[in-house]
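Visitor: Would you mind keeping the following structure in view while I ask a few things?
The values are calculated or read from the model by the stated rules, or taken from the named source; none is laboratory data. Computed from a predicted model, the values in this text were never measured in an experiment. Here the Cβ is made from the backbone with ideal geometry for all residues, glycine too, and neighbour counts use every protein chain on show.
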């Protein structure tokens with residue numbers, strides 16, 4: 001099976017680096033987004049996209065939806081192997097599908113998700129569907145977050161993605177939890193050892209996470225954080 005997966009990845013990489021660059025992308029190609037959702041399922045989000053690696057083994061994709069002054073969606077990839085492609089103020093579409101995220105820059109596709117056979121098959125389908133898969137990044141944890149965040153670009157070099165979502169949250173319940181730049185230690189209110197996914201669903205905000213082999217999911221209600229932790233380890237002090 002590993003040999004088969006490797007062959008699929010080699011074919012995908014050959015196609016990625018063999019494609020020509022698009023000079024003038026159509027920033028809101030909702031038709032292509034709908035086509036992908038019809039084939040793979042998922043949910044479409046449209047707005048201004050910011051994506052970057054952060055401190056530690058984490059990467060973040062932020063979305064400022066139309067009509068909002070703040071970021072309202074955040075997706076975090078935990079990976080000790082790959083870093084995501086960076087985007088700054090990209091007007092485009094995101095598709096949350098399965099345990100990953102498709103970023104549409106005009107006709108270009110970029111994928112972020114769990115390192116799993118599901119993602120390998122999804123990558124193959126995307127390339128077959130469009131012939132324009134430009135990049136992908138796979139990791140051991142992928143979380144989807146909703147809420148409101150206000151932040152400056154300098155913060156991405158100072159904190160991990162999950163710390164950023166905690167400290168820049170506009171959620172009223174975060175008041176009183178922060179002290180000297182730290183919050184209470186993480187305690188998994190759902191998920192925990194042996195689990196690979198968990199969810200927090202609240203009216204104001206929420207999150208969900210999927211974890212790869214060797215990691216367990218941990219959802220912390222007090223700070224609305226959903227993360228993956230290596231088996232045998234305790235959750236981090238700061239979520």
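Visitor: So, in segment 87-97, of the ones that are surrounded by 19 or more Cβ atoms within 10 Å (Cβ to Cβ) and free of Cβ contacts under 8 Å to residues at least 60 places away in the same chain, which residue ends up farthest from residue 30 (Cα to Cα)?
Guide: 96
Visitor: Something else about it: Please find, among 214, 181, the residue that is surrounded by fewer than 21 Cβ atoms within 10 Å (Cβ to Cβ) and either under 24 Å from residue 71 (Cα atoms) or at pLDDT below 95 (or both).
Guide: 181
Visitor: Say we look at segment 194-211 and pick out the residues that are modelled with pLDDT of 95 or more and in a loop (DSSP other than H, G, I, E, B); which of these is nearest to residue 118 (Cα to Cα)?
Guide: Within segment 194-211, the match that is nearest to residue 118 (Cα to Cα) is 196.
Visitor: Applying the selection to segment 112-131, what residues are surrounded by fewer than 18 Cβ atoms within 10 Å (Cβ to Cβ) and in a loop (DSSP other than H, G, I, E, B)?
Guide: 131
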